Each structure stands twice: as C-alpha cells, then as structure tokens.
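All remarks here apply to the structure that follows.
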Amino acid sequence: MGEVSQPQNNFRCSDGASGLASDTGVNGAAWAALLETAWAALERAHAPYSGFRVGAAALMSDGTISAGCNVENASYPLGICAERVALGAAVANFRLRPGQLTAMAVVSEAEGLTPPCGACRQTMAEFARDIPILLANRHRKKLHRLKDIFPEAFTRGNLAVEA
Ligand SMILES: [Zn+2]
C-alpha cells in the first residue's frame, strides 16, 4: 500500500487489443489508447475508503477519448464510478451526445475483472444502445457488448406519456 506502481499495458499480448479490432469496429490503436487512458486515470482515482481504484475511458465517434476514475466521498453513497465520471467529463469537455459514444474500457487491479454497475450501464445507454466494452486487469481482458449485458435500457422512448 502507498507505493506507486506503473500501469502495465499488456495490450500487445496475444489476447490483446489488436486482436479485438476486427469484430468491434474499433481499431487496435484506439483500443490501446483507451486502455492507456483508463490505466492512467486509475492512478488518479480518489478511493481512500475502499482502496478499490478503477479507471475508465470513453471513445467518441470523432476519436476523442475521455478519462474517468472513481471518486469516493466521506459520505459513502456519494461516491461516483469511473465510467460515469468519464461520460460526464465527455459531455462537459467534448459535448458528447447520444449516438457519439463508440466504445469504453474499464480497468481495475482486482483479481477478477470489474464490470460496470447497473447505473453505469444505464448511463452508457443514454449515449449508445450498443457499444463494445473492454474490461481489463493486470492479467487479462474480456470484451462485452452493452446490449448483451444491458438488454432493457430505460430510454427516452419510455418517457412518452399520453395526453
Ligand atoms: Zn458504476
């Protein structure tokens, strides 16, 4: 604890980002940049209570990448996940709008991979109904599709009310 470790971006491994490019519509260089951004964000996480650091990166259709890390609070329920921080930053800094979210990467140092929570899946669905989501830790990666892990999003269509 307390020592600074360098991110180990092992996306050049055989299970690495380059092998993900063909079936995601996102090229290997973009996946590599997403992972690098997410790992760098993890190093900036504010997680003094849980010690559970998470980094996220959101890729926009114009190639812009927005970083996020988890931000905890002494009032525990106010803590915000890395994914929603990345998306909020994308809106605030780069004017992210629905249809412009292309992919996300989520990294942690946990033994198991760290999937987005329900709130984060819903927030992703505001900006894209289906994107590839790459989960990674220091040892492995796994690719998911948002529509597979969150098939029934609440969308703007559900807001319609009859007069
Ligand atoms: Zn979350």
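Derivation of every value follows stated rules applied to the coordinates shown; laboratory data play no part. Predicted model, so just to flag it, every value in this text is computed and none were measured. FYI the Cβ positions are ideal-geometry reconstructions off the backbone, even for glycines, and counts take in every protein chain you see.
The table for this structure:
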| read-out | value |
| --- | --- |
| Spin-label model distance (nm) - Lys142 vs Arg44, 7 Å beyond Cα toward Cβ | 2.9 |
| Paired Rg and Dmax values of region 53-163, which use every Cα atom, in angstrom | 14.3, 54 |
| Under the span-like rule (Cα at least 20 Å along the axis, Kyte-Doolittle mean at least -0.5), DSSP H helices of the chain | 28-43 |
| Förster-model FRET efficiency, 41 Å R0, Ser75 and Ala29, C-beta, rounded to 0.05 | 0.50 |
